[in-house]
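Notes to accompany the following structure.
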Amino acid sequence: MDTAHEIREFLATRRAKITPQRAGLPAFGGGIRRVPGLRREEVALLAGVSIDYYARLERGQLAGASEEVLDALCRALQLDDAERSHLHDLAAAQRRRPARRTARRAKDSVPAGLKRVLESMTGSPAFIRNGRLDILAVNDLGRALYAPLLTTTAPAPVNIARFQFLDPTSRGFFPDWNASVHTTVSLLRTEAGRAPGDAELTGPIGELVTRSDEFRAAWAKHNVRLHHTGRKPFRHPAVGEITLDFDAMQLPGHPEPTLTAYSAEPGTPDHDTLMLLASWAATEQERVDTGS
């Protein structure tokens, strides 16, 4: 990916989201506004830099910007935590030549100890993924929950984004499909800011841009996000509708993979459905073991 292009598009799309009223400014210069959000001169005013300097920044020239200037831009554009991190990642990527991750496949392997921890989580569906959203490891209940993905005929490793955008069954599995794919694209965009020179990331993104109109439209918005906790609905082919809480955490000593675990409040219908899913999974495993 062209980092300068990514910077230009990110700053322009963030600027378009902020109105003068939201920024606490009068309508700059009066008259009919030709842009949906702030003008460049308004961002420059809010950030405390010259108009010419901000114009250079928005043309993608962040390499020479200090941390103070980046922070001033974050405040002027009212960026959230994910957007702030993304802007700093893009600036850092432009200051250095991104290192090629030739050994990434090896880094994606999950240590045996982490697999044992994952498998010990018998009451919660859980899996470990990388920044590209490849599923690297999954426990038994997670395998049951994500059965529609894990039984796909797509090439390994199973990738959440490929399933969502290229497999028509994903719209049934994710009942709030639009919200789900918005999260997926935002996570990929965040990862692209961290690793702009990673061909193992840009290749799959290029495929999705080419093959999916929905992905292409969402990707062009340049939205990013941090994905730590929340609720996610599913429509499972065996147990029906279920909405689960999730917690996602990076693993100490293993900064790239992320562990995601799902749970349900005891005594709720969703918890009952989760127990039903566990029973279904045990029955399916027994069928495999006995060859019946």
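The values are calculated or read from the model by the stated rules, or taken from the named source; none is laboratory data. It should be emphasised that the depicted structure is a prediction, and the values quoted were computed from it without experimental measurement. Here the Cβ positions follow ideal geometry from the backbone for every residue, glycine too, while neighbour counts run over all protein chains shown.
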Considering only residues that are surrounded by 13 or more Cβ atoms within 10 Å (Cβ to Cβ) and either part of a loop (DSSP other than H, G, I, E, B) or touching a helix residue (DSSP H, G or I) at 6+ places or on another chain (Cβ under 8 Å) (or both), which ones fall in the stretch 275-292? L277, A278, W280, A281, E284, Q285
Given the condition out of contact with any helix residue (DSSP H, G or I) (no Cβ under 9 Å at 6 or more places or on another chain) and either of a type in the set (D, E) or in a helix (DSSP H, G or I) (or both), answer yes or no: does some residue in the stretch 145-158 qualify? no
Looking only at the stretch 138-175, which residues are touching a Lys or Arg at 6+ places or on another chain (Cβ under 8 Å) and within 19 Å of E241 (Cα to Cα)? L150, G172, F173, F174, P175
Being touching a strand residue (DSSP E or B) at 6+ places or on another chain (Cβ under 7 Å) and part of a helix (DSSP H, G or I) is the filter; apply it to the stretch 161-186 and report the residue that is surrounded by the most Cβ atoms within 10 Å (Cβ to Cβ). F173
Residues (more than 14 Å from the chain's Cα centre (by Cα) and of a type outside the set (G, A, S)) located in the stretch 205-233: E207, L208, V209, T210, R211, D213, E214, R216, R231, K232, P233
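Taking G24, is it touching a His at 6+ places or on another chain (Cβ under 8 Å) and free of Cβ contacts under 8 Å to residues at least 60 places away in the same chain? Lay out the reasoning, then the answer.
On the way: touching a His at 6+ places or on another chain (Cβ under 8 Å): no; free of Cβ contacts under 8 Å to residues at least 60 places away in the same chain: yes.
For G24, the condition - touching a His at 6+ places or on another chain (Cβ under 8 Å) and free of Cβ contacts under 8 Å to residues at least 60 places away in the same chain - is not met.
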Which one of these is of a type in the set (K, R), in a loop (DSSP other than H, G, I, E, B) and crowded, with 17+ Cβ neighbours inside 10 Å: R225, R189? R225
Of all residues in the stretch 244-292 being β-branched (V, I, T) and modelled with pLDDT under 95, the one that is farthest from G193 (Cα to Cα): T290
Evaluate the stretch 130-137: report whether one residue or more is without any contact (Cβ under 8 Å) to a residue 24 or more places away in the chain and either assigned by TED's automatic domain parsing to the domain that holds S263 or crowded, with 22+ Cβ neighbours inside 10 Å (or both). no
The lone exception for G197 - which of (1) farther than 18 Å from L118 by Cβ; (2) at pLDDT 90 or above; (3) small (G, A, S) it fails: (2)
Go through the residues of the stretch 164-179 one by one and say whether even a single one is farther than 20 Å from D81 by Cα, touching a residue at least 60 places away in the same chain (Cβ under 8 Å) and among the β-branched types (V, I, T). no
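Suppose we filter S212, S263 for residues that are surrounded by 17 or more Cβ atoms within 10 Å (Cβ to Cβ), hydroxyl-bearing (S, T, Y) and out of contact with any strand residue (DSSP E or B) (no Cβ under 6 Å at 6 or more places or on another chain); which single one remains?
Values: S263 fails: out of contact with any strand residue (DSSP E or B) (no Cβ under 6 Å at 6 or more places or on another chain).
Exactly one residue qualifies, and that residue is S212.
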Odd one out for I135 among (1) of a type in the set (V, I, T); (2) within 25 Å of L77 (Cβ to Cβ); (3) touching a Lys or Arg at 6+ places or on another chain (Cβ under 6 Å): (2)
Verdict on A44 being surrounded by fewer than 19 Cβ atoms within 10 Å (Cβ to Cβ) and either without any contact (Cβ under 8 Å) to a residue 24 or more places away in the chain or polar (S, T, N, Q) (or both): no
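To keep it simple, each residue is scored yes or no on (1) in the same structural domain as L11 (by TED's automatic domain parsing); (2) of a type in the set (D, E, K, R); (3) more than 19 Å from R225 (Cβ to Cβ).
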site: L62; (1), (2), (3): yes, no, yes
site: E68; (1), (2), (3): yes, yes, yes
site: L79; (1), (2), (3): yes, no, no
site: A82; (1), (2), (3): yes, no, no
site: L87; (1), (2), (3): yes, no, no
site: L90; (1), (2), (3): yes, no, no
